[in-house]
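Worksheet: one structure, shown below.
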Amino acid sequence: ARPKGILAMLDDECKLGQRGSDKNWAKRLNETYLPDKNQTVSANTRYSASKMQQAKGIFCVRHFAGQVAYTAETGFLEKNRDEIPLTAKSLFEEDSSDLIKEIYDVQLGASEEKTDSGKPAKAKTVSQQFKAQLSSLIEMIETTDPHYIRCLKPNDAAKPKLMTRKRLTEQLRYGGVLEAVRVARMGYPVRLDHAGFFKRYRMLLPSVAEDVLPWSMEDEDPQKLCVKFLDVLLEEGSKPVSYTNADGSISRANQIRMTQRQPEPMVFPKADVQLGVSKVFMRKGPHDKLEAHRVFHQNASSTLIQSWMRGMQQRRRYLIMEDAALTIERWYRGCMGRARWWRLREAQASLLLTNTFRMLINRRKYDRSRRGTILLQAQYRGRSVRKTNAAVKVQAYRRMY
């Protein structure tokens, strides 16, 4: 039997031609989904209409976002037929533009129902086109691996930075997200292959020795390693947390772990983690605890690496600054030494100049005194000789006479 859907009954009403009307379609919907006398909600709770709404030709459909009211007497049949007027049809067919004709042919082909016989094609209604597009979409989705992005409307006022929790909860509930999460939590929603499980969570036991639980998976059976890892994990998780070494010292990594917020102990039933032939199945509780411890150790390791890198950067910066300071000090001391040497050289030059000037002055005085003395001596000796010669001449004349 043909399904009695809202769109199917709308198509049937459109086929009646002039006898069909929006009011008859709304009446048929109410008779189909609300057969009882005082019934206002259908058996599947998807369709509802009160007596007042039925009288006005209004019915409600419960969508994922809530109840939506539709008024039947608003031209549903005319809109569903979506017939092209004859004037516009002839105008498109007789248009001189090839582009207009091509677009019209494509639109006409999409809106006409194909028939195997030689009968002319029937025009598709809007609901039939919607069904065909939906069927094509479903076929395409079945041949692919789709990933859905659910968009949530934060508020009905279309305002930024405003979130209505009740509205979001309704959307998640009607969209089946909460139900899917609840069903997933009841089973084993987390599934990892053996190698990925061991590589991901081996870091949770950093203090376990290599001979007890190896770090590398080379030449090892992944399934056996996962079984051994799970046993050691539950055994270590039941012990009290201790960050001290055997000699009483505390490593730098453990000091960082002590300052962080401690996660919940890794204690959970072993049945919550099941090992299959190729995968490990985990419930949500154990997975959350393992992920919390993994984030805890990753934060400690990243903090340790950051502290080491920052220390190395600071040491490098200190060495650069030290070398720069020593270079500046050497340059400054050199400048001070050269300035002192220059001052000493200037003092020595000034002393030498003074001594030379004084020597020249004294030499000039000496030369002047020497020349005067020699001149004086020459005059005195000349006078003495002349006096002597004059006396001799006088004596000679005297003796001559």
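The values are calculated or read from the model by the stated rules, or taken from the named source; none is laboratory data. Note that the structure is predicted; figures quoted are calculated from it, not measured. When we count neighbours, we look across all protein chains shown, and the Cβ atoms used for this are built from the backbone with ideal geometry, even at glycine. Protein only, heavy atoms only, side chains kept; ligands, DNA and RNA dropped before computing areas. Shrake-Rupley method; radii C 1.70, N 1.55, O 1.52, S 1.80 Å.
Here the spin labels are modelled as points 7 Å beyond Cα on the Cα-Cβ line, and at residue 156 and residue 249 they lie 6.7 nm apart.
Rounded to the nearest 0.05, the FRET efficiency derived from the C-beta distance between residue 45 and residue 141 at R0 = 30 Å is 0.65. Expressed as a whole percent, the proportion of Cα-Cα pairs in segment 216-280 lying more than 15 Å apart is 66%.
When the P(r) is computed for the chain, the part past 41 Å accounts for 63% of the Cα-Cα pairs.
Shown in residue order for segment 51-63 are the 3J(HN,Hα) couplings computed by the Karplus curve 6.51 cos²θ - 1.76 cosθ + 1.60 at θ = phi - 60°: 4, 5, 5, 5, 5, 8, x, 10, 9, 10, 10, 8, 8 Hz (x for Gly and Pro). With Cα atoms defining each centre, segment 117-183 and segment 337-355 are spaced 98 Å apart in the structure. Ignoring lysines fewer than eight residues from residue 228 along the same chain, the ones with Cα atoms less than 27 angstrom from its Cα are 199, 239, 270, 279, 284, 289. Taking every alpha-carbon pair under 8 Å whose residues sit at least 6 apart, the chain reaches a relative contact order of 9 percent. Spin-label model, residue 123 to residue 326: label points 7 Å out along the Cα-to-beta-carbon direction sit 9.5 nm apart. Computed about the Cα centre, the dipole magnitude for the chain is approximately 7320 debye when only Lys and Arg (+1) and Asp and Glu (-1) carry charge, each at its Cβ. Note on residue 380/residue 354: beta-carbon distance plugged into 1/(1 + (r/R0)^6) with R0 of 45 Å gives a FRET efficiency of 0.75.
Provide the packing ranking of 123-132, 248-257, i.e. peptides ordered by the mean count of other C-beta atoms within 10 Å per residue, highest first. Don't jump to the answer; show the numbers that get you there.
Numbers: 123-132: 16.9, 248-257: 13.6.
So the peptides 123-132, 248-257, ranked by packing, come out 123-132, 248-257.
Candidate cross-link partners of residue 159 among the aspartates and glutamates, defined by an alpha-carbon separation under 17 Å and a same-chain spacing of 8 or more, are absent.
Going by average Cβ density within 10 Å per residue, which order do the peptides 378-384, 226-232 take, highest to lowest?
Details: 378-384: 10.0, 226-232: 16.7.
Most protected by this proxy first, the peptides run 226-232, 378-384.
Positive end of the dipole of segment 115-200 (Cβ unit charges, origin at the Cα centre): among 183, 155, 130, the Cα lying farthest that way belongs to 155.
Residues considered: 68, 385, 241. Largest GNM mean-square fluctuation over the chain, using C-alpha springs under 10 Å, is found at 385. Per residue, the accessible area of the chain comes to 77 Å², computed with a 1.4 Å probe over protein heavy atoms only. Straight-line cross-link reach from residue 161 at under 23 Å between alpha-carbon atoms covers these lysines, not counting any fewer than eight positions away in the same chain: 153.
Hey, quick one: spin label on residue 363, modelled 7 Å out along Cα-Cβ, who in segment 325-350 has an amide N within reach, i.e. under 20 Å? Residues 349-350 fall inside that zone.
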